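> Starting off with a structure, shown below.
Computed from the coordinates by the stated procedures, all read-outs in this text should not be read as laboratory data. Just so it is clear, the structure is predicted and the values come from calculations on it, not from any experiment. Quick reminder, even Gly has a Cβ in these numbers, built from the backbone with ideal geometry, and neighbours come from all protein chains shown.
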Amino acid sequence: MSKLEGKVAVVTGGNSGIGYASAKELKDQGATVIITGRNSEKVQAAAKELGITGIVADVSRLSAIEHLVAQVKEEVASVDILFVNAGIFQPAPVGQITEEMFDHQMGINFKGAVFTTEKFLPLLSDGGSIINLSSVNAYAGMPNTAVYAASKAALNAYTRTAATELAPRKIRINAINPGPISTPIFGKTGMSEEQLTGFATAMQNRVPLKRLGHPEDVAKLVAFLASDDATFITGSEYNIDGGIGINPLLG
Ligand SMILES: NC(=O)c1ccc[n+]([C@@H]2O[C@H](COP(=O)([O-])OP(=O)(O)OC[C@H]3O[C@@H](n4cnc5c(N)ncnc54)[C@H](OP(=O)(O)O)[C@@H]3O)[C@@H](O)[C@H]2O)c1
């Protein structure tokens with residue numbers, strides 16, 4: 001299938017999990033894809049595996065995003081698909097939230113996302129598609145996720161307003177709210193193997209469809225929103241969560 005033939009896509013945090021699967025899907029559907037990430041070795045390894053370009057850029061630093069845009073500009077004339085995916089998950093209970101943790105999580109998940117779009121706008125083609133990777137946590141009230149949830153809720157609010165403002169250029173901007181997806185993100189929290197297994201089992205039991213999502217499930221939705229099949233969709237949010245959002249009391 002070549003629905004994205006001729007389109008150029010940038011995927012932030014594309015060396016792992018949902019970003020990696022989405023980069024693969026976008027490429028498989030015909031797009032020219034550039035991935036980014038914060039770790040040089042990981043970015044280069046993923047780019048090599050996928051046969052695409054990889055560029056290192058820490059989205060929590062505005063100068064790094066500006067440098068990224070300049071590097072992308074050397075490779076391509078314009079960008080049609082911007083998948084703002086880079087993010088972290090740092091759980092902490094209310095009462096133990098530190099300023100450092102707040103700034104770090106907000107700095108990547110919200111500020112990093114906003115300024116990725118901000119800096120890429122001049123390079124985005126009219127009619128382009130921006131996809132923000134948010135989370136069902138924005139609405140869930142799940143313990144230990146107050147700051148993470150707030151970072152994603154802020155991103156969703158930003159998405160709606162940006163959709164109105166970018167509409168004159170026919171640039172569409174939408175948000176995806178995944179439920180629990182099986183990716184390396186949880187292993188980066190410092191949880192032990194035992195805790196990770198317990199967390200995954202508990203999550204899976206709460207999902208009506210009784211499984212965790214695969215990164216590839218989300219990648220299909222990313223490719224749809226990026227494509228011309230979605231040209232009348234902007235300012236929207238899509239839950240992709242096995243139903244967890246409709247029945248939080250299950251399990
Ligand atoms: N997995 C889930 O259940 C789930 C659910 C809802 C929403 N999400 C969201 O989905 C997105 C992707 O997460 P994932 O689950 O695929 O996790 P992942 O496998 O850890 O991927 C996250 C990617 O973002 C990169 N990244 C993190 N901080 C960055 C920074 N400052 N600058 C540039 N890149 C950075 C990571 O780099 P490193 O590999 O170097 O860490 C990695 O490539 C995140 O926004 C996350 O909040 C995930």
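> Gap in Å between the Cα centre of the range 157-173 and the Cα centre of the range 1-55?
Cα centroid to Cα centroid, the span is 24 Å.
> Taking only Cα atoms of the chain, what ratio of Rg to Rh do you get with Rh as the Kirkwood inverse-distance radius?
Rg/Rh for the chain comes to 0.95.
> Which whole-Hz ³J(HN,Hα) couplings does the range 218-229 yield from phi under the Karplus relation 6.51 cos²θ - 1.76 cosθ + 1.60, θ = phi - 60°, glycine and proline marked x?
Rounded to whole hertz, the list is 6, 4, 5, 5, 4, 5, 5, 5, 6, 8, 6, 5.
> Hey, can you grab everything whose amide H is under 5 Å from the amide H of residue 213? Only 5+ residues off in sequence or another chain; H modelled, so Pro and N-termini drop out.
Under 5 Å from the amide H of residue 213: 181, 182.
> I need the phi-derived Karplus couplings for the range 161-178: 6.51 cos²θ - 1.76 cosθ + 1.60, θ = phi - 60°, integer Hz, Gly and Pro marked x.
So the Karplus estimates, Gly and Pro as x, are 5, 4, 4, 5, 6, 8, 4, x, 8, 6, 7, 9, 9, 9, 10, 10, 10, x Hz.
> Over the Cα atoms of the range 19-64, what radius of gyration and what Dmax do you get, in Å?
Cα-based Rg and Dmax for the range 19-64 come out at 10.8, 32 Å.
> Sequence-distant or interchain residues sharing an amide H contact under 5 Å with residue 239, placed H: which?
177
> Follow-up. Holding the Cα-Cα limit at 19 Å, pick out from 111/220; 48/119; 27/210; 7/42; 27/220 the pairs that are longer than that.
111/220; 48/119; 27/210; 7/42
> Report, by chain and number, residues whose modeled amide H sits under 5 Å from the one on residue 79, excluding near sequence neighbours (fewer than 5 apart, same chain).
124, 125
> Counting other Cβ atoms within 10 Å of each Cβ, which chymotrypsin sites (Phe, Trp or Tyr not before Pro) in the range 40-108 have at most 11 and sit in a DSSP loop?
Nothing satisfies the criteria.
> Further question on the same structure: Which distance in nm do the two modelled labels at residue 103 and residue 209 give, with both placed 7 Å along the Cα-to-Cβ direction?
4.0 nm
> Can you list the aspartates and glutamates whose alpha carbon is less than 17 Å from that of residue 73, not counting same-chain residues fewer than 8 positions off?
The reachable aspartates and glutamates, counting only those whose Cα sits under 17 Å from residue 73, are 118, 126.
> If I take the Cα coordinates of the range 101-188 and project them onto the principal axes, what are the three extents in Å, biggest first?
Extents along the principal axes, in whole Å: 40, 22, 21.
> Counting only C-alpha contacts under 8 Å and six or more residues apart, can you give the relative contact order of the chain as a whole percent?
In percent, rounded to a whole number, it is 20.
> Rank 138, 151, 112 by how far each Cα sits towards the positive end of the charge dipole of the chain (+1 on Lys, Arg Cβ; -1 on Asp, Glu Cβ) and give me just the farthest.
Farthest along the dipole direction, towards plus: 138.
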